[in-house]
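What follows is a set of notes on a single structure, which appears directly below.
Just so it is clear, none of the values below were taken in a lab; they were calculated from the coordinates. This structure is a prediction, so every number in the text was calculated from the model and none was measured. Methodologically, a virtual Cβ is constructed for each residue, glycine included, from the backbone with ideal geometry; neighbour enumeration extends over all protein chains shown.
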């Protein structure tokens, strides 16, 4: 049995598969900043500026079935996952990037959930 969700223009189809989603956090950024609030704010501003552009580029390339270029965007995005404390999502991105390089986009639904979670989180900052 499949469940279909529609969120902000992304169709997500899950096949009785529970995806344990970690919650993004700023712990890594806080460690890097060593208490420098200005640094933290600049870092967050960069994430908030870059992430939506990269997410849109990802969606465009994926819908065009351009798996090689999609893999490059996933490569860029996976570093943001790590910065936001999403280790499981980072491992998913590594696996997905490798799959995309082989022309396999089967993990797109799981990755879409990760991207949506990050977008919602960044909108709260």
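Name the single residue that is surrounded by the fewest Cβ atoms within 10 Å (Cβ to Cβ) among those in segment 95-125 being under 19 Å from residue 24 (Cα atoms) and over 12 Å from the mean Cα position of the chain (by Cα).
So, considering only residues that are under 19 Å from residue 24 (Cα atoms) and over 12 Å from the mean Cα position of the chain (by Cα), the one surrounded by the fewest Cβ atoms within 10 Å (Cβ to Cβ) is 124.
Report whether or not residue 62 is touching a residue at least 60 places away in the same chain (Cβ under 8 Å) and surrounded by 13 or more Cβ atoms within 10 Å (Cβ to Cβ).
So residue 62 fails the test.
Those residues that are closer than 29 Å to residue 33 by Cβ and touching a strand residue (DSSP E or B) at 6+ places or on another chain (Cβ under 7 Å), I need them from segment 71-125; list them, please.
Answer for segment 71-125, where residues must be closer than 29 Å to residue 33 by Cβ and touching a strand residue (DSSP E or B) at 6+ places or on another chain (Cβ under 7 Å): 113, 116.
Tell me the helices (runs of 4 or more DSSP H) entirely within segment 19-105 that contain at least 3 residues that are touching a helix residue (DSSP H, G or I) at 6+ places or on another chain (Cβ under 6 Å) and farther than 24 Å from residue 123 by Cα.
In segment 19-105, the matching helices (runs of 4 or more DSSP H) lie at 67-83, 87-101.
Name the pairs: first residue in segment 102-124 and at positive phi, second residue in a helix (DSSP H, G or I), Cβ to Cβ under 9 Å, at least 6 apart or on different chains?
Sorted first by the residue in segment 102-124, then by its partner, the pairs are 103/67; 103/68.
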